[in-house]
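The values are calculated or read from the model by the stated rules, or taken from the named source; none is laboratory data. Because the structure is predicted, anything quoted here is derived from the model rather than measured. A quick note on method: Cβ atoms are made from the backbone with ideal geometry, for glycine too, and the neighbour counts reach across all protein chains shown.
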Amino acid sequence: MEQGELVPEARGQVVPVLLPYPFAGPFDYRVPAGMVVAPGDIVMVPLNRRIEYGVVWDGPPDGTVGDNRLRPISGPAEAAPMRQDIRQLVDWIAAYTVSLPGEVLAMALRVPAVQPETAPVGWRRAEALPEARMTEQRRRVLEVLGERLLAGPALAAEAGVSSTLLRGMADAGLIVPVQLAVAPPFRRPDPEHPRPELSEDQEAAAAELRAAVQARGFSVTLLEGVTGSGKTEVYLEAIAECLRQGRQCLILLPEIALSSQWLERFERRFGVAPAVLHSDLGSRTRRITWREVARGAAPVVVGARSALFLPFPDLGLVIIDEEHETAFKQEDGVVYHARDMAVVRARLCSAPAVLVSATPSLETVANAEAGRYRRLHLPSRFGGASLPDIALIDLRQTPPERGKFLAPPLVDAINATFARGEQAMLFLNRRGYAPLTLCRTCGHRMQCPNCTAWLVEHRARRILQCHHCGHTIPIPPECPECKAPHSLTAVGPGVERITEEARATFPEARLLVMASDTLTGPQAAADAAHAIEDRQVDLIIGTQIVAKGWHFPHLTLVGAVDADLGLAGGDLRAAERTVQLLHQVAGRAGRADAPGRVLLQTFSPEHKVMQALLSGDLESFRENEAAERRPGNWPPYGRLAALVVSADSAEAADIAARDLGRAAPAGEGILVLGPAPAPLAILRGRHRRRLLLKARRDVAVQPLIRDWLAQVPTGRGVKVEIDIDPVSFL
Ligand code: ADP
Ligand code: ZN
């Protein structure tokens, strides 16, 4: 017999198993006698001295490990196999983002989904109370229980004791656990629930989307329309069609935790709430959702990026609302764009995808223009509501009073709005009180010790905080540099400072602040929305959170405190993003009968961004942007990939970046820029350098990058992060 020839009977079957860890690929394991496995099966395997979950992967085993050193699979896991389309998605994302497949698998194989379901436990009194130490607390628990059966948290709350105490009582035999029934599965939304009549434009768009769902094949449609044109209303009809077909539907929203209005609207349309999935939910809730989706018992799931990996057995429609949102880009771990991967998911499932936006990204518009995506357009606001009237306030001509940030025309407009009994909103995309604290005596700036960033003052909490690494110090009483007392002064505004100014300027007004540190979860967001809808609020002050799809019928004035804010730094999409953000914020005004007005405070009224917003002609703005990007092969007309080198010391980062730079790929249509210090040159104590690979659209950048990295061994403690289609250039 030739050496190396396999004798299957003697050696047993060998299969590749992918583990949810950053290894280069699957490992081979031997299938023990009597066990039958197929790709997708979730199994337990030994890894070093532990037992881990893994997934039997596709393709042949690697075969490089000697047969005598192969370890056997420990056994099957009590979990449904991973579907083929999810395995394909994992491989696809890993290949596209130049990540390790195991890292991607970790996102698709949430451990809670793998672990067997534990039913919630309730407690009742033991039939016969044993001899046991009886404390005051224990007596109270028995009293509270009486003859009842109570869930653990309810019992603990009612008796005012901890769950540890309950467990102690159970160990002593005083109380007995009882399995409670599991939560009811999701109810089926009713597509025939009464719905509003669609306008002619809306009906035409809805018909196209219904047809796409009926076709049961892959397609991508861009649903574009001004804010308030009824895009949501239209795509709800696509969902209804998907439900009629008895298939499942996935909707991705950029900030699902803040989307209470969306959820209420869904419930009005379909009679029941959809399943929701995002990281703020407890692991039990997520596990139930995961299980119900896998059983086909969750017809509609609305979620954040992570919902992309849910195991739908019969996905019939994928919707990505606010497709232009950068929140869809995951920046740490596996760096991927959930919008683009959602389109891939739809393709792997042969389902239609719908991208929705009032301000679509240049990427998506380019795909539509190239004929890859279909394009539907809703030209006007629903019900004859007019688009808000946008005006600029030139801060050079009408500056605010010294030490203030609201210019007189804006203050007057707000007062006039209140006088009409309507609501106003101030937008400033900056949390905290002030972005910079400096010493009036010596000029010292309060800087983060771990990052190239200033510390942001949060006055109410009496702290200075780094918004990149979270480093926090109490506001010092004196300058740490020159020791001058009471010399530190706040420079520039954040929403907290604007709130202080608004309190002084509009003493009668009822204020509400909407920022990620004041709206801390779905309930807080829902409460805020209700307070505004019920007119318990006159003035809303918020960060970019206020730009998200809110519908406040009584809101008629929006003021942007610093419309120029996003233009600094000048990255590729600074202008595009600023237009999108300000247009979205503006779109909150005048959504019902009363007309809306928008005032943008700016130092550069002549800037193309301000002019585009002023004219409302976003189409021309986009065409200009496209014309600027096309010649240089900038996205979406070329490909971009960033390499971020980081190390503990500046020297190590420089050496690694230089070595990478020397080995940079070259060729027709390929250009490598850098290395250069990253704008955030130090982040969490790590020194960062950037290289940027720009290539023509027809160049496959992933193999180039793989070869490139393979040539340059990285030193200890040096990390190279790869960002395909980068959105952030920090
Ligand atoms: P968009 O998603 O384009 O911003 P929405 O779908 O949120 O627009 O619609 C804006 C407002 O108009 C919502 O309050 C919505 O309920 C209402 N609306 C839209 N279309 C209709 C319709 N056909 N009948 C009744 N109300 C509608
Ligand atoms: Zn920091």
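Working only within region 515-567, note down all residues that are acidic (D, E) and in a helix (DSSP H, G or I). Let's see the steps before the verdict.
Residues of region 515-567 acidic (D, E): 517, 527, 533-534, 538, 562, 564.
Within region 515-567, D527, E533 qualify.
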Note on region 611-647: residues exposed (fewer than 14 other Cβ atoms within 10 Å of the Cβ) and assigned to a loop (DSSP other than H, G, I, E, B) are D617, R630, P631, G632
D648 passes all but one of the listed conditions (1) free of Cβ contacts under 8 Å to residues at least 12 places away in the same chain; (2) within 16 Å of ligand 2 (Cβ to nearest atom); the exception is number (1)
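So that you can scan it fast, the table gives a plain yes or no per residue for (1) surrounded by 23 or more Cβ atoms within 10 Å (Cβ to Cβ); (2) more than 20 Å from the chain's Cα centre (by Cα); (3) outside the structural domain of F266 (by TED's automatic domain parsing); (4) more than 26 Å from R697 (Cα to Cα):
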{"position": "L310", "(1), (2), (3), (4)": "yes, no, no, yes"}
{"position": "E322", "(1), (2), (3), (4)": "yes, no, no, no"}
{"position": "G371", "(1), (2), (3), (4)": "no, yes, no, no"}
{"position": "L378", "(1), (2), (3), (4)": "no, yes, no, yes"}
Checking E264, E233 in turn, the sole residue that is under 21 Å from the mean Cα position of the chain (by Cα) and within 16 Å of ligand 1 (Cβ to nearest atom) turns out to be E264
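Output the residues belonging to region 196-216 that are over 22 Å from Q584 (Cα atoms), in a helix (DSSP H, G or I) and within 13 Å of ligand 1 (Cβ to nearest atom). Don't jump to the end; show me each part of the working.
Quick first cut of region 196-216, residues over 22 Å from Q584 (Cα atoms) only: 196-200, 203-204, 206-216.
With in a helix (DSSP H, G or I) added as a condition, the list becomes 200, 203-204, 206-215.
E200, E203, A204, A206, listed by residue number.
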Turns out the strands (runs of 3 or more DSSP E) fully within region 217-313 with at least 3 residues that are modelled with pLDDT of 95 or more and more than 16 Å from ligand 2 (Cβ to nearest atom) are 219-225, 248-252, 300-303
When every residue in region 434-447 that is within 14 Å of ligand 2 (Cβ to nearest atom) and outside any strand (DSSP E or B) is compared, the one nearest to the chain's Cα centre (by Cα) is P435
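Q584: touching a residue at least 40 places away in the same chain (Cβ under 8 Å) and within 16 Å of ligand 1 (Cβ to nearest atom), yes or no?
Details: touching a residue at least 40 places away in the same chain (Cβ under 8 Å): yes; within 16 Å of ligand 1 (Cβ to nearest atom): yes.
Yes.
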The residue from A366, A385 that alone is away from ligand 2 (no atom under 16 Å from the Cβ), farther than 27 Å from E496 by Cα and in contact with a Pro (Cβ under 6 Å, 6 or more places away or on another chain) is A366
Filter region 664-678 for residues that are surrounded by fewer than 15 Cβ atoms within 10 Å (Cβ to Cβ) and of a type outside the set (D, E, K, R); the one that is nearest to ligand 2 (Cβ to nearest atom) is A676
Residue set R372, R345; condition outside any strand (DSSP E or B), touching a helix residue (DSSP H, G or I) at 6+ places or on another chain (Cβ under 8 Å), basic (K, R) and away from ligand 2 (no atom under 16 Å from the Cβ); output residue R345
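Is it fair to say L317 is buried (at least 19 other Cβ atoms within 10 Å of the Cβ) and either touching a residue at least 12 places away in the same chain (Cβ under 8 Å) or more than 12 Å from the chain's Cα centre (by Cα) (or both)? Spell out the reasoning first.
Numbers: buried (at least 19 other Cβ atoms within 10 Å of the Cβ): yes; either touching a residue at least 12 places away in the same chain (Cβ under 8 Å) or more than 12 Å from the chain's Cα centre (by Cα) (or both): yes.
In short, yes.
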Filtering region 448-460 down to residues that are part of a strand (DSSP E or B) and either in contact with a helix residue (DSSP H, G or I) (Cβ under 9 Å, 6 or more places away or on another chain) or within 16 Å of ligand 1 (Cβ to nearest atom) (or both) yields E457, H458
By residue number, the members of region 461-484 that are of a type outside the set (A, V, I, L, M) and more than 11 Å from ligand 2 (Cβ to nearest atom) are R461, R462, P474, P476, P477, E478, C479, P480, E481, C482, K483
Note on region 461-483: residues surrounded by 13 or more Cβ atoms within 10 Å (Cβ to Cβ), without any contact (Cβ under 8 Å) to a residue 12 or more places away in the chain and part of a loop (DSSP other than H, G, I, E, B) are R461
When region 14-66 is checked residue by residue, the ones that are touching a residue at least 40 places away in the same chain (Cβ under 8 Å), part of a strand (DSSP E or B) and not basic (K, R) are V14, V15, P16, V17, L18, D28, Y29, I42, Y53, V55, V56
How many residues of region 709-723 are buried (at least 16 other Cβ atoms within 10 Å of the Cβ) and among the basic types (K, R)? The answer is 0
Given (1) in a helix (DSSP H, G or I); (2) acidic (D, E); (3) in contact with a His (Cβ under 6 Å, 6 or more places away or on another chain), E500 misses just (3)
Picked from region 679-697 (must be within 26 Å of G669 (Cα to Cα) and not small (G, A, S)), the residue nearest to ligand 1 (Cβ to nearest atom) is R697
The residue from L565, L599, L582 that alone is out of contact with any strand residue (DSSP E or B) (no Cβ under 8 Å at 6 or more places or on another chain) and under 21 Å from A502 (Cβ atoms) is L565
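Which one of these is modelled with pLDDT of 90 or more and either touching a helix residue (DSSP H, G or I) at 6+ places or on another chain (Cβ under 7 Å) or in a loop (DSSP other than H, G, I, E, B) (or both): R188, R148?
Working: R148 fails: modelled with pLDDT of 90 or more.
Going through R188, R148 in turn, the sole match is R188.
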Next on the checklist: Given the condition within 29 Å of T578 (Cα to Cα), surrounded by fewer than 20 Cβ atoms within 10 Å (Cβ to Cβ), within 16 Å of ligand 2 (Cβ to nearest atom) and not basic (K, R), answer yes or no: does some residue in region 680-700 qualify?
Outcome noted: yes
Those residues of region 535-560 which are charged (D, E, K, R) and away from ligand 1 (no atom under 16 Å from the Cβ) amount to R535, D538
The lone condition A563 fails out of (1) crowded, with 21+ Cβ neighbours inside 10 Å; (2) small (G, A, S); (3) within 15 Å of ligand 1 (Cβ to nearest atom) is (3)
Picking from R462, R440, R430, R420, the residue that is at positive phi and either among the hydrophobic types (A, V, I, L, M, F, W, C) or in contact with a strand residue (DSSP E or B) (Cβ under 9 Å, 6 or more places away or on another chain) (or both) would be R462
